[in-house]
Amino acid sequence: MNHLVHELHTQRTVMRPFLRADAAEAFAVFGDPEVMRYAAGAADPTPAATHARIGRYIEHQGRHGFSKWVVRDASSGEYLGDSGILHLAETGELELGYRLARAHWGRGLATEVASAWLCHALAVLHLPRVIAFADRRNTASIRVLEKLHMPFERLDHLCGMDCVVHAIARPPGDQG
(Lines give C-alpha, C1' and ligand atoms only; values in the text may rest on other atoms or scores of the structure.)
Protein backbone atom coordinates (compact mmCIF):
# COMPACT_ATOMS: atom_id res chain seq x y z
CA MET A 1 0.00 0.00 0.00
CA ASN A 2 1.70 3.20 -1.16
CA HIS A 3 0.53 6.35 0.60
CA LEU A 4 3.41 8.51 -0.60
CA VAL A 5 2.19 12.10 -0.61
CA HIS A 6 4.50 14.96 -1.48
CA GLU A 7 2.26 17.85 -0.44
CA LEU A 8 -0.67 18.58 1.82
CA HIS A 9 -2.90 21.55 1.04
CA THR A 10 -5.22 23.53 3.27
CA GLN A 11 -7.27 26.58 2.41
CA ARG A 12 -4.32 28.89 3.12
CA THR A 13 -1.22 26.69 3.18
CA VAL A 14 0.89 24.18 1.31
CA MET A 15 2.96 21.69 3.31
CA ARG A 16 5.76 19.53 1.98
CA PRO A 17 8.76 17.61 3.33
CA PHE A 18 11.72 19.70 4.45
CA LEU A 19 14.69 20.20 2.16
CA ARG A 20 18.12 21.20 3.44
CA ALA A 21 17.64 24.46 1.51
CA ASP A 22 14.84 25.39 3.95
CA ALA A 23 17.27 25.75 6.85
CA ALA A 24 17.92 29.50 6.52
CA GLU A 25 14.22 30.40 6.58
CA ALA A 26 13.49 27.81 9.26
CA PHE A 27 16.16 29.20 11.60
CA ALA A 28 14.11 32.39 11.96
CA VAL A 29 11.45 30.24 13.66
CA PHE A 30 13.49 27.49 15.35
CA GLY A 31 15.93 30.10 16.65
CA ASP A 32 13.24 32.38 18.09
CA PRO A 33 13.14 31.91 21.89
CA GLU A 34 9.53 33.15 22.08
CA VAL A 35 8.34 30.64 19.44
CA MET A 36 10.27 27.85 21.18
CA ARG A 37 9.22 28.91 24.71
CA TYR A 38 6.82 25.99 25.15
CA ALA A 39 8.53 23.61 22.72
CA ALA A 40 10.43 20.47 23.61
CA GLY A 41 13.99 21.69 23.93
CA ALA A 42 15.43 25.18 23.63
CA ALA A 43 15.58 27.46 20.62
CA ASP A 44 18.24 26.51 18.09
CA PRO A 45 21.31 28.59 19.00
CA THR A 46 22.78 28.62 15.47
CA PRO A 47 21.77 28.04 11.85
CA ALA A 48 23.87 24.85 12.03
CA ALA A 49 21.57 23.51 14.77
CA THR A 50 18.54 24.13 12.56
CA HIS A 51 20.32 22.44 9.66
CA ALA A 52 20.92 19.39 11.90
CA ARG A 53 17.26 19.42 13.01
CA ILE A 54 16.11 19.45 9.39
CA GLY A 55 18.49 16.58 8.68
CA ARG A 56 16.71 14.55 11.38
CA TYR A 57 13.33 15.41 9.84
CA ILE A 58 14.56 14.35 6.38
CA GLU A 59 15.86 11.07 7.83
CA HIS A 60 12.53 10.43 9.60
CA GLN A 61 10.69 11.16 6.35
CA GLY A 62 12.84 8.66 4.46
CA ARG A 63 12.34 5.98 7.07
CA HIS A 64 8.60 6.41 7.74
CA GLY A 65 7.08 8.36 4.84
CA PHE A 66 6.07 11.23 7.16
CA SER A 67 7.79 13.73 9.42
CA LYS A 68 7.62 17.40 10.30
CA TRP A 69 7.03 19.33 7.06
CA VAL A 70 7.46 22.93 5.94
CA VAL A 71 4.31 25.05 6.10
CA ARG A 72 4.15 27.81 3.47
CA ASP A 73 1.54 30.38 2.55
CA ALA A 74 -0.35 29.01 -0.46
CA SER A 75 -0.49 32.40 -2.18
CA SER A 76 2.89 33.98 -1.46
CA GLY A 77 5.08 30.96 -0.69
CA GLU A 78 6.19 32.64 2.55
CA TYR A 79 7.66 30.30 5.19
CA LEU A 80 5.12 30.09 8.03
CA GLY A 81 6.47 27.26 10.19
CA ASP A 82 6.27 23.48 10.37
CA SER A 83 3.78 20.75 11.18
CA GLY A 84 3.69 16.99 11.01
CA ILE A 85 3.98 13.66 12.77
CA LEU A 86 7.08 12.24 14.47
CA HIS A 87 7.82 9.11 16.45
CA LEU A 88 8.26 10.25 20.05
CA ALA A 89 11.41 8.47 21.17
CA GLU A 90 10.43 8.70 24.85
CA THR A 91 7.23 6.66 24.53
CA GLY A 92 7.18 5.24 21.00
CA GLU A 93 3.92 7.09 20.33
CA LEU A 94 3.20 9.02 17.13
CA GLU A 95 3.08 12.72 17.93
CA LEU A 96 1.40 15.53 16.02
CA GLY A 97 3.23 18.83 16.24
CA TYR A 98 2.92 22.34 14.82
CA ARG A 99 4.88 25.56 15.18
CA LEU A 100 4.40 28.92 13.50
CA ALA A 101 6.40 32.11 13.25
CA ARG A 102 5.10 34.74 15.69
CA ALA A 103 3.81 36.92 12.84
CA HIS A 104 1.30 34.18 12.04
CA TRP A 105 -0.05 33.48 15.54
CA GLY A 106 -3.72 34.05 16.29
CA ARG A 107 -5.02 33.48 12.75
CA GLY A 108 -6.22 29.88 13.10
CA LEU A 109 -3.34 28.51 11.04
CA ALA A 110 -2.16 26.07 13.72
CA THR A 111 -5.61 24.48 13.84
CA GLU A 112 -5.78 24.43 10.04
CA VAL A 113 -2.45 22.68 9.47
CA ALA A 114 -2.78 20.35 12.47
CA SER A 115 -6.24 19.30 11.31
CA ALA A 116 -4.91 18.48 7.84
CA TRP A 117 -2.13 16.38 9.36
CA LEU A 118 -4.49 14.58 11.71
CA CYS A 119 -6.82 13.66 8.83
CA HIS A 120 -3.86 12.55 6.72
CA ALA A 121 -2.41 10.47 9.57
CA LEU A 122 -5.62 8.60 10.29
CA ALA A 123 -7.30 8.37 6.87
CA VAL A 124 -4.36 8.11 4.47
CA LEU A 125 -1.38 6.84 6.47
CA HIS A 126 -3.74 4.64 8.54
CA LEU A 127 -1.80 5.34 11.72
CA PRO A 128 -3.64 3.59 14.55
CA ARG A 129 -3.30 6.39 17.12
CA VAL A 130 -1.87 9.89 17.30
CA ILE A 131 -1.06 11.97 20.35
CA ALA A 132 -0.28 15.64 20.75
CA PHE A 133 1.15 17.23 23.85
CA ALA A 134 1.49 20.77 25.06
CA ASP A 135 3.17 22.47 27.98
CA ARG A 136 0.50 22.92 30.66
CA ARG A 137 0.97 26.72 30.48
CA ASN A 138 0.53 26.89 26.69
CA THR A 139 -3.16 27.73 26.62
CA ALA A 140 -3.12 28.59 22.89
CA SER A 141 -1.79 25.16 21.93
CA ILE A 142 -4.17 23.38 24.29
CA ARG A 143 -7.03 25.27 22.64
CA VAL A 144 -5.85 23.98 19.23
CA LEU A 145 -6.01 20.40 20.54
CA GLU A 146 -9.54 21.03 21.78
CA LYS A 147 -10.57 22.46 18.39
CA LEU A 148 -9.17 19.30 16.77
CA HIS A 149 -11.51 17.26 19.01
CA MET A 150 -8.55 15.33 20.39
CA PRO A 151 -9.69 14.12 23.81
CA PHE A 152 -7.55 14.81 26.86
CA GLU A 153 -5.77 11.60 27.86
CA ARG A 154 -3.32 12.30 30.64
CA LEU A 155 -0.92 14.60 32.42
CA ASP A 156 2.68 13.59 31.77
CA HIS A 157 6.28 14.73 31.74
CA LEU A 158 7.60 14.45 28.19
CA CYS A 159 10.67 15.94 26.56
CA GLY A 160 11.55 17.72 29.79
CA MET A 161 8.20 19.46 30.29
CA ASP A 162 5.10 19.00 32.38
CA CYS A 163 2.41 18.62 29.76
CA VAL A 164 -1.11 17.66 28.87
CA VAL A 165 -1.45 14.79 26.40
CA HIS A 166 -4.39 14.52 24.04
CA ALA A 167 -4.89 11.45 21.86
CA ILE A 168 -7.11 10.14 19.13
CA ALA A 169 -7.33 6.68 17.59
CA ARG A 170 -8.61 5.52 14.25
CA PRO A 171 -12.19 4.30 14.67
CA PRO A 172 -12.60 0.59 15.47
CA GLY A 173 -13.12 -1.45 12.32
CA ASP A 174 -11.36 1.20 10.17
CA GLN A 175 -8.28 -0.83 9.41
CA GLY A 176 -7.51 0.89 6.12
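Would you check if Arg99 is surrounded by fewer than 20 Cβ atoms within 10 Å (Cβ to Cβ), under 23 Å from Val70 (Cβ atoms) and not aromatic (Phe, Trp, Tyr)? No, not satisfied. Beta carbons closer than 7 Å, at least 6 apart along the sequence or on distinct chains, pair a first residue in segment 35-54 that is touching a residue at least 60 places away in the same chain (Cβ under 8 Å) with a second that is of a type in the set (S, T, N, Q) for Tyr38/Asn138; Tyr38/Ser141. In segment 60-96, which residue that is open to solvent by less than 30 Å² (accessible area, probe 1.4 Å) and at pLDDT below 95 is farthest from the chain's Cα centre (by Cα)? In this case the residue turns out to be Gly65. Residue check: is Ile168 modelled with pLDDT of 95 or more and under 12 Å from the mean Cα position of the chain (by Cα)? When the stated conditions are applied, Ile168 does not pass them. Note on segment 48-86: residues that are part of a strand (DSSP E or B) and not hydroxyl-bearing (Ser, Thr, Tyr) total 12. Residues of segment 6-42 that are assigned to a loop (DSSP other than H, G, I, E, B), small (Gly, Ala, Ser) and either modelled with pLDDT of 95 or more or open to solvent by 30 Å² or more (accessible area, probe 1.4 Å) (or both): Gly31, Ala40, Gly41, Ala42.
Among strands (runs of 3 or more DSSP E) entirely within segment 88-176, having at least 1 residues that are within 30 Å of Asp73 (Cβ to Cβ) singles out 94-100, 129-135, 161-169.
Yes or no: segment 130-149 includes at least one residue that is under 16 Å from the mean Cα position of the chain (by Cα), open to solvent by 50 Å² or more (accessible area, probe 1.4 Å) and among the aliphatic types (A, V, I, L, M).
The answer is yes; a qualifying residue exists.
Selection of segment 91-121 for residues being closer than 22 Å to Leu155 by Cα and in contact with an Asp or Glu (Cβ under 9 Å, 6 or more places away or on another chain) yields Thr91, Gly97, Tyr98, Arg99.
The values are calculated or read from the model by the stated rules, or taken from the named source; none is laboratory data. Everything numeric here is computed off the predicted structure, so don't read it as measured data. Because the Cβ atoms are built from the backbone with ideal geometry, glycine has one as well, and the counts that use them run over all protein chains shown. SASA here: full protein model, heavy atoms, side chains in, ligands and nucleic acids out. Shrake-Rupley method; radii C 1.70, N 1.55, O 1.52, S 1.80 Å.
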